[in-house]
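Report on the following structure.
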Amino acid sequence: MSVPSARIVAHFDMDSFYASAETKRNPSLRDEPVVIGADPKDGKGRGVVVSCNYPARKFGLRSAMPISEAWRLCPQAVYLRPDFEYYESLSSQVMQIIRARVRDFEQVSIDEAFVDLRSIATTMGEAEAWVARLKDDLRTETGLTCSVGLAENKSAAKIATDLHKPDGITVIGPGMTKEFLAPLPIGVIPGVGVKTEMLLKEIGITKVGDIQKLEVDLVKKRLGGSGLWIWDVANGLENEPVKEHELKSFSTERTLEEDSKDWVVIEGIVSELAAELGDRVRSAHIVFRKVGIKVRFRGFETHTREARLATYSNDKDAILREARSLLRTFQDKKLPVRLVGLRVSEVKREATDQTSISVWIDGLVD
Ligand SMILES: [Mg+2]
């Protein structure tokens, strides 16, 4: 009889992803402090830092810091507005490289993913070697680095990732999760925010190890529904599966520089949006069944319409064709158009994913 092997979960987190993406297309930024966020307007700008690179962090800059404060600390940094379309296309490239090599994959944000390595490695050593190879290949193929945490469950792997950034691998050996977590502040537990931290501090709980010493019922009483989750994570007992979420849709939209009633101009924009969406669909290796349009008129009156195709498609011409015919249904409107958007939905992964999985992990999965 075979004994089920212990889990080995890897958490991947791209290093200062947006800033690295900007450096990729403009290598002269490599050693400069780079800040992605709101327009600083010589220190008078509103809004926040969305992301910054490691040279900027040396000046004390952090994500979510007001952009005016970033300017005060480091006016010489290169300040850029975020280009989410570009980041998303780079993200799909990265995720596709990881996804193609594993059976159990879960993307959790634009630059983070979990992988269950049970089908690939039987020891942490093997897992670490596999992760190191993948990190090298990611760097060669995309020019980007990431940090990885390896542990017996998702929460410990995620917490571990932050310990050696950038470009690090942190391994929590089998049976070591509780010991690893004990000295860390409770704020490292996913889901523990400022409010929970305060509630726990009031009863003298500051370290994960303090939670480990408590009865689960006391934690539940103090924190309500999330208490059980926090207690499980603290004790290394969290056991959530690594599972791909269902894809819902891909969309893009554009606000016109000036409101317009010129349908030639509007159709031109729709063509650009269709081409962009087509590229993203291709790079994400998905197929779609529905194409939708959103048209917002002056005064914020907004309409959406969609069409369902006879079969799944990944064809940008199909997006354009459907989008144009949907757009035509608005042309007798008297108001000028302020914004147009396109969306593909009912999406799923291209079937070819399965082939690439068996090619990559040749022999390890039947
Ligand atoms: Mg990251």
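The values are calculated or read from the model by the stated rules, or taken from the named source; none is laboratory data. All of these numbers come straight from a predicted model, not from anything done at the bench. Cβ: placed from backbone, ideal geometry, glycine included. Neighbour counts: every protein chain shown. The area values use the complete protein model at the heavy-atom level, side chains included, leaving out ligands, DNA and RNA. Shrake-Rupley method; radii C 1.70, N 1.55, O 1.52, S 1.80 Å.
Data for the structure
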item: Cross-chain or 6+ apart pairs with Cβ under 7 Å, the stretch 298-315 first and farther than 16 Å from L326 by Cβ, then part of a loop (DSSP other than H, G, I, E, B); result: R298/L335; R298/P336; G299/L335; E301/L335; N314/E350
item: Residues located in the stretch 6-42, provided they are of a type outside the set (A, V, I, L, M) and within 16 Å of the ligand (Cβ to nearest atom); result: H11, F12, D13, D15, S16, F17, Y18, S20, E22, T23, K24, G37
item: Filter result for E32 (in a loop (DSSP other than H, G, I, E, B), under 28 Å from I169 (Cα atoms), at pLDDT 95 or above and acidic (D, E)); result: yes
item: Among the candidates F12, F59, residue that is in a strand (DSSP E or B) and not small (G, A, S); result: F12
item: Among the candidates V265, V270, residue that is open to solvent by 40 Å² or more (accessible area, probe 1.4 Å) and part of a helix (DSSP H, G or I); result: V265
item: Hits in the stretch 102-134 - residues which are in contact with a strand residue (DSSP E or B) (Cβ under 6 Å, 6 or more places away or on another chain), within 16 Å of the ligand (Cβ to nearest atom), open to solvent by less than 50 Å² (accessible area, probe 1.4 Å) and not β-branched (V, I, T); result: E106, D111, E112, A113, F114
item: Condition broken by E350, with the remaining ones in (1) touching a strand residue (DSSP E or B) at 6+ places or on another chain (Cβ under 6 Å); (2) loosely packed, with under 13 Cβ neighbours inside 10 Å; (3) modelled with pLDDT under 85 satisfied; result: (2)
item: Unique match (being within 26 Å of P55 (Cα to Cα), assigned to a helix (DSSP H, G or I) and at pLDDT 95 or above) among L138, L144, L90; result: L138
item: Any hit, the stretch 166-176, residues being open to solvent by 10 Å² or more (accessible area, probe 1.4 Å), among the aliphatic types (A, V, I, L, M), within 16 Å of the ligand (Cβ to nearest atom) and over 11 Å from F12 (Cα atoms); result: no
item: Some residue of the stretch 231-244 being closer than 30 Å to K294 by Cα and open to solvent by 50 Å² or more (accessible area, probe 1.4 Å); result: yes
item: Test: residue in the stretch 58-66 that is within 15 Å of the ligand (Cβ to nearest atom), within 29 Å of I97 (Cα to Cα), modelled with pLDDT under 90 and outside the structural domain of S91 (by TED's automatic domain parsing); result: yes
item: Residue in the stretch 123-134 that is assigned to a helix (DSSP H, G or I), more than 29 Å from K58 (Cα to Cα), of a type in the set (A, V, I, L, M, F, W, C) and modelled with pLDDT under 95 present; result: no
item: Residue list for the stretch 43-55, restricted to those being in a strand (DSSP E or B) and more than 16 Å from the ligand (Cβ to nearest atom); result: V48
item: Per-region count, the stretch 136-155, residues within 14 Å of the ligand (Cβ to nearest atom) and without any contact (Cβ under 8 Å) to a residue 60 or more places away in the chain; result: 1
